[in-house]
1. What lysines sit close enough to residue 176 to cross-link, taking a C-alpha to C-alpha distance under 26 Å and skipping anything fewer than 8 places away on the same chain?
2. How much length is gained if the chain between residue 48 and residue 282 is pulled fully straight, taking 0.36 nm per residue apart and subtracting their Cα-Cα distance, in nm to one decimal?
3. If you take every residue apart from residue 164 with its C-beta less than 11 Å away from the C-beta of residue 164, what net charge results, scoring Lys and Arg +1 and Asp and Glu -1?
4. How much length would be gained if the chain were fully extended between residue 291 and residue 79, taking 0.36 nm per residue of separation minus their Cα-Cα distance, in nm to one decimal?
5. Can you list the residues of the range 229-245 with backbone N under 20 Å from a point 7 Å past the Cα of residue 209, pointing along Cα to Cβ?
6. Using DSSP to call loops (not H, G, I, E or B), can you name the trypsin sites (Lys or Arg not before Pro) in the range 125-200 whose Cβ has at most 11 other Cβ atoms within 10 angstrom?
7. Can you figure out the FRET efficiency of residue 131 with residue 263, using R₀ = 35 Å and their beta-carbon distance, to the nearest 0.05?
8. Could you pull out the trypsin sites (Lys or Arg not before Pro) across the range 192-257 that fall in loop regions by DSSP (anything but H, G, I, E, B) with no more than 16 other Cβ atoms inside 10 Å?
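Throughout, read-outs are computed from the coordinates displayed, never taken from laboratory work. Keep in mind that what you see is a predicted model, and the values were worked out from it rather than measured. Cβ: placed from backbone, ideal geometry, glycine included. Neighbour counts: every protein chain shown.
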Amino acid sequence: MQIRSVGVVGCGLMGSGIAEVCARAGYTTIVREIDADLVARGRQRIEQSLETAVRRNKLTPDERDAALGRVMGTTSLDDFNVCDLVIEAATENAEIKKRTFEELDRVCPPHAILASNTSSIPIVQMATATRRADQVLGMHFMNPVPIMPLIEYVRALTTSDATLETARRFGESLGKRIIVSKDRAGFIVNFLLIPYLCEAIRMLEQGFASREDIDVGMMLGTSYPMGPFKLLDFVGLDTTLYIADILFDEFKDPRFAAPTLLRQMVTAGYLGRKTGRGFYNYAQGEEPPNR
């Protein structure tokens, strides 16, 4: 099957990035949000990202305009009735995702592939909410989507060879490198990342070292592009806690147990850059160390 039209559910940080890379690769792209205001904000996010690409000589103005011309916003899932592939990038909540897949199964053409951008929820839960479980897989893009060169594909027990191969060709057409994981909570990236982030928080919690020294240690000692606390603030502490809880519930492994400090900070609303305060207080001008 050849993919020509792509739907994206959600136009937040991840959804807008996915829509942008699809449009830049030449695909007609329909992106859905729950109301017109969120559609407008999502489109503005895409426009700003494309403008940045032009300033950095990654795109020409004509290419920017062509990509924007391929993006259509909507508030109705029914508009996905022309899509060959739909990528769900909604809230990281299993019940919301399953309901979304039930609705997508109803409105999308029979041949359409349904994918989830989930970073932690087993794909089989969404696949079995549809009548096309063999056409469902995970497509976990990395943030920021236009820059990060990886997509982590997740093959459920039900995913067919044909679905995986079509999805692989699509991902490569976006200029991305594809890795494939079995369908277990956390997949490859977060299964390894979450224990690392939790251990960094425990070190800080126990007074073992300062946040700055831990960040600098991992950047200059292991060539990581950013330290764990800068990364936590970038990803969002609430997102990290949610994934950690999913992994702990699945495996009962203490490596995935969320530190008390992380849970307290989320309760206090210190969620990272998006709220102006996380492990660093951006509202007061604090910035994490850079390489």
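1. The reachable lysines, counting only those whose Cα sits under 26 Å from residue 176, are 58, 97, 230.
2. My answer for the length gained is 82.1 nm.
3. Values: positive: 155, 168, 169; negative: 134, 161, 165.
So the environment of residue 164 carries a net charge of 0.
4. 71.8 nm
5. 229-234
6. 131
7. Plugging the Cβ-Cβ distance into 1/(1 + (r/R0)^6) gives 0.35.
8. In loop regions of the range 192-257 (DSSP not H, G, I, E or B), the sparsely surrounded trypsin sites (Lys or Arg not before Pro) are 252.
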